[in-house]
Structures are given as structure tokens and as C-alpha cells.
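Enquirer: Following this message is one structure expressed as C-alpha cells.
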Amino acid sequence: MTTAVIALGSNLGERQDWLAFAVDRLSAAPEVRIVKRSGIFETDPVGVPEQFQACKFLNQVLLVETGLDATTFSRLAHHIEDEAGRKRGPVRNSPRTLDVDIITFGKLISSDPELTLPHPRAKQRVFVLEPLSQIAPDFRFPDEPDVTVTQLLEKIKGTPA
């Protein structure tokens with residue numbers, strides 16, 4: 001079994017319902033077990049076009065154990081997003097019903113453009129680090145094993161480590 005960190009996000013429609021939908025779908029998937037889940041955090045959008053700045057996100061992080069390989073799990077995540085009606089269009093970071101992002105997948109480090117692991121921007125995003133630190137304060141990214149998620153969060157927020 002591989003332990004993966006999964007980030008959920010929604011900034012369109014019934015946001016809390018979409019997060020619950022993702023949790024239900026992941027829980028029902030064969031060879032996937034949710035071990036822990038953070039609380040739900042409301043956050044400002046990051047890196048979105050100006051016209052979408054008011055579309056606040058709800059975010060949640062899950063620790064899951066899975067017997068699936070990373071590619072199969074990624075396909076599952078995309079399938080759940082599609083089931084939630086997520087539309088992928090020409091404007092990057094447009095509002096979406098649901099994001100299911102693989103942040104880490106065990107100790108796997110990959111630069112494959114289809115599945116870059118760990119998630120390339122996760123360590124700079126409070127909306128990932130804060131919920132993750134809530135459920136796994138001593139978690140360490142496989143490509144930065146000397147720093148805990150709590151230390152990364154403190155650095156970003158400017159609080160003493």
C-alpha cells in the first residue's frame with residue numbers, strides 16, 4: 001500500500017457538497033482507503049485570472065492508502081473531477097466544481113508532465129500546507145526530507161519556526 005496526500009478544492013457551485021462528493025467517490029474506489037482528512041478551509045484563489053479573484057475556494061487535504069499505482073490513481077482523480085462536472089477550458093485556473101490533486105504519492109519523485117510529483121507548487125501554497133499540517137504536522141515531502149510541513153507553513157506565513 002502507498003500513502004498519498006490528496007488535496008481537494010472547489011470554488012464553484014455547492015463547494016462543500018463537491019468536497020464531500022470527492023471523499024465519497026474516493027472512499028468507494030477499490031484499493032483506496034482514506035486514513036485521515038483535514039478540516040475544510042476557505043481560501044482566496046491563487047494564480048487565477050483577475051475576473052475570478054472573488055471566487056473563494058474551499059480546500060481539504062486527505063491522507064489515503066492505496067494499492068493503485070500513481071497513473072491509475074491519477075486517472076481516478078480525473079474521473080471524479082469529470083463526474084463532478086469539471087470543465088477544462090482554454091483559460092487556466094478558471095473556477096471549477098472540483099479539483100482532486102495528488103500532492104505526493106509515497107516517496108515517488110517524477111518530472112513527467114502528465115504527473116509531476118510531488119505537486120510542483122504544493123510547498124508554496126498555504127491552502128495545501130495548512131490542512132496537511134493539521135492532520136500530519138511532521139509530514140515531509142520526499143524531495144525535501146529535512147523539513148516538516150509545519151516548518152514549510154511557518155516559513156510561508158512568516159512565523160518563527
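Enquirer: Could you check, for the range 67-79, whether at least one of its residues is in contact (Cβ under 8 Å) with a residue 60 or more places away in the chain and closer than 12 Å to A7 by Cβ?
Expert: Yes.
Enquirer: Please determine whether any residue of the range 31-47 is assigned to a loop (DSSP other than H, G, I, E, B), at pLDDT 95 or above and in contact with a Gly (Cβ under 8 Å, 6 or more places away or on another chain).
Expert: yes
Enquirer: What number of residues in the range 1-33 are touching a Ser or Thr at 6+ places or on another chain (Cβ under 7 Å) and among the charged types (D, E, K, R)?
Expert: 1
Enquirer: Residue by residue through the range 41-62, note down the ones that are surrounded by fewer than 13 Cβ atoms within 10 Å (Cβ to Cβ) and polar (S, T, N, Q).
Expert: If the condition is that a residue be surrounded by fewer than 13 Cβ atoms within 10 Å (Cβ to Cβ) and polar (S, T, N, Q), then Q51, Q53 are the ones that fit.
Enquirer: Further question: Picking from L12, L8, L26, which residue would you name as being touching a residue at least 24 places away in the same chain (Cβ under 8 Å), over 17 Å from L132 (Cα atoms) and not in a helix (DSSP H, G or I)?
Expert: Criteria check complete, one pass: L12.
Rundown of residues vs (1) over 24 Å from D17 (Cα atoms); (2) touching a residue at least 60 places away in the same chain (Cβ under 8 Å); (3) out of contact with any helix residue (DSSP H, G or I) (no Cβ under 9 Å at 6 or more places or on another chain), yes/no style:
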{"residue": "K87", "(1), (2), (3)": "no, no, yes"}
{"residue": "I103", "(1), (2), (3)": "no, yes, no"}
{"residue": "S110", "(1), (2), (3)": "yes, no, no"}
{"residue": "P120", "(1), (2), (3)": "yes, no, yes"}
{"residue": "K157", "(1), (2), (3)": "yes, no, no"}
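Enquirer: Before we move on, is S38 of a type in the set (S, T, N, Q) and in contact with a helix residue (DSSP H, G or I) (Cβ under 9 Å, 6 or more places away or on another chain)?
Expert: Criteria met by S38.
Enquirer: I'd like the full set of residues that are part of a loop (DSSP other than H, G, I, E, B), surrounded by 17 or more Cβ atoms within 10 Å (Cβ to Cβ) and of a type in the set (G, A, S), limited to the range 95-143.
Expert: A136 - this is the single residue of the range 95-143 that is part of a loop (DSSP other than H, G, I, E, B), surrounded by 17 or more Cβ atoms within 10 Å (Cβ to Cβ) and of a type in the set (G, A, S).
The values are calculated or read from the model by the stated rules, or taken from the named source; none is laboratory data. Predicted, not measured: the structure shown is a model, and the values here were computed from it. All Cβ positions, glycine included, derive from the backbone under ideal geometry; neighbour counts span all protein chains shown.
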